[in-house]
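The values are calculated or read from the model by the stated rules, or taken from the named source; none is laboratory data. Predicted, not measured: the structure shown is a model, and the values here were computed from it. For neighbour counting, all protein chains shown are included, and Cβ atoms are generated from backbone atoms with ideal geometry for every residue, glycine included.
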Amino acid sequence: MTSVIFRAFCAVDEPQSCQKFIAGHRAVLESYGIGMITSNNALWAEHKNTFVILAEAADDGRALGGVRVQISDDNLALPIVHAVGQVDEKIHEVITQHKGKIIAEACGLWNAREIAGYGYSFFILRSAIALAYQLKVDSLFALAAPVTVEMCLNAGFIIERYLGKDGFFNYPKLDLVATAMVINDLNIMSYASDNDRQHIFHIMQNPVQVAKVEGPKGQVTIDYRLSLNLPS
């Protein structure tokens, strides 16, 4: 699969697209023996401050991956608060430190096995960061699996070492490890690799574009449709 559409929308505006996201994410989790987790429930689909990027096949629109950018508000806390709060209550201190700022989480990142190895998870994560910038987010959190920690570090996240054991947790199962991460400077991305920073800034400046990008298995085409036409 070398041609994919990345489409952004507000969750409450497209319930059917949300269900496509949920079904695809659930199938990937179940293939790894993981059942329902905090990021894999339907509450966010009815949350006006959750924004979704759905990766769809260019030929027939089937769901191939995605991510959510969920903004914290009084109606729905970030998934990381519930997940980390089960093992470390200091997550509440961390969130309180950001009071008065717009904080969000890049969560529910997944891609179907049929596009595994093409690098789409990298491109989806970079798109989530660009979308968070569009949403004027001050701090973007993430809870990363071991296979995505390096990807997140390259994309500008740092490990929130105040939490857990130097930022690491056993989640969502005792034999699995997750890492709490955050970006606090979306406008400059000072911790990102040069390549990631350049790519992310290009998406920030051009949220609607068709780009040919180089992945591990060769060149892929991404049709970015990330503009939300938000009020100024």
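Based on what the data block shows, is ASN75 farther than 19 Å from TRP44 by Cα and of a type outside the set (A, V, I, L, M, F, W, C)? When the stated conditions are applied, ASN75 does not pass them. Cβ-Cβ distances below 7 Å connect the following pairs, each with a first residue in segment 65-85 that is acidic (Asp, Glu), a second residue that is in a loop (DSSP other than H, G, I, E, B), and a separation of six or more residues or different chains: ASP73/ASN49. One residue stands out among those in segment 176-232 that are in a loop (DSSP other than H, G, I, E, B), hydrophobic (A, V, I, L, M, F, W, C) and in contact (Cβ under 8 Å) with a residue 24 or more places away in the chain: the one that is surrounded by the fewest Cβ atoms within 10 Å (Cβ to Cβ), which is LEU230.
Filter segment 57-71 down to the residues that are within 16 Å of the chain's Cα centre (by Cα) and surrounded by fewer than 22 Cβ atoms within 10 Å (Cβ to Cβ), then identify the one that is farthest from VAL177 (Cα to Cα). Ranking the qualifying residues of segment 57-71, first place goes to ALA63.
Any idea which of ILE80, ILE91 is surrounded by 22 or more Cβ atoms within 10 Å (Cβ to Cβ), at pLDDT below 90, part of a helix (DSSP H, G or I) and within 15 Å of the chain's Cα centre (by Cα)?
Working: ILE91 fails: within 15 Å of the chain's Cα centre (by Cα).
Matching residue, one of ILE80, ILE91: ILE80.
I need the full set of residues from segment 117-171 which are of a type in the set (Phe, Trp, Tyr), surrounded by fewer than 18 Cβ atoms within 10 Å (Cβ to Cβ) and in a loop (DSSP other than H, G, I, E, B), in order please. Residue satisfying the conditions is TYR162 alone.
Scanning segment 105-119 for residues that are without any contact (Cβ under 8 Å) to a residue 40 or more places away in the chain and either in contact with a Phe, Trp or Tyr (Cβ under 9 Å, 6 or more places away or on another chain) or of a type in the set (D, E, K, R) (or both) yields a total of 2. Residues that are farther than 25 Å from HIS98 by Cβ and either more than 18 Å from the chain's Cα centre (by Cα) or of a type outside the set (S, T, N, Q) (or both) occur in segment 175-192; there is at least one.
Could you look through segment 1-39, keep only residues that are of a type in the set (S, T, N, Q) and modelled with pLDDT under 90, and pick out the one that is surrounded by the fewest Cβ atoms within 10 Å (Cβ to Cβ)? So that I can check it myself, show each step before the final result.
If we filter segment 1-39 for residues that are of a type in the set (S, T, N, Q), which is where we start, we get 2-3, 16-17, 19, 31, 38-39.
Now restrict to residues that are modelled with pLDDT under 90: 2-3, 31, 38-39.
Working: THR2: 14, SER3: 13, SER31: 10, THR38: 22, SER39: 23.
Of everything passing the filter in segment 1-39, SER31 is surrounded by the fewest Cβ atoms within 10 Å (Cβ to Cβ).
Results for (1) touching a Cys at 6+ places or on another chain (Cβ under 9 Å); (2) among the β-branched types (Val, Ile, Thr); (3) at pLDDT 95 or above, shown as yes or no for each residue.
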{"position": "TYR118", "(1), (2), (3)": "no, no, no"}
{"position": "ARG126", "(1), (2), (3)": "no, no, yes"}
{"position": "LEU143", "(1), (2), (3)": "yes, no, no"}
{"position": "PHE157", "(1), (2), (3)": "no, no, yes"}
{"position": "LEU176", "(1), (2), (3)": "no, no, no"}
{"position": "ASN206", "(1), (2), (3)": "no, no, yes"}
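Contact annotation: residue pairs with Cβ atoms under 6 Å, 6 or more positions apart or on different chains, pairing a residue in segment 1-23 that is under 12 Å from ALA42 (Cα atoms) with a partner that is surrounded by fewer than 16 Cβ atoms within 10 Å (Cβ to Cβ), are VAL12/LYS48.
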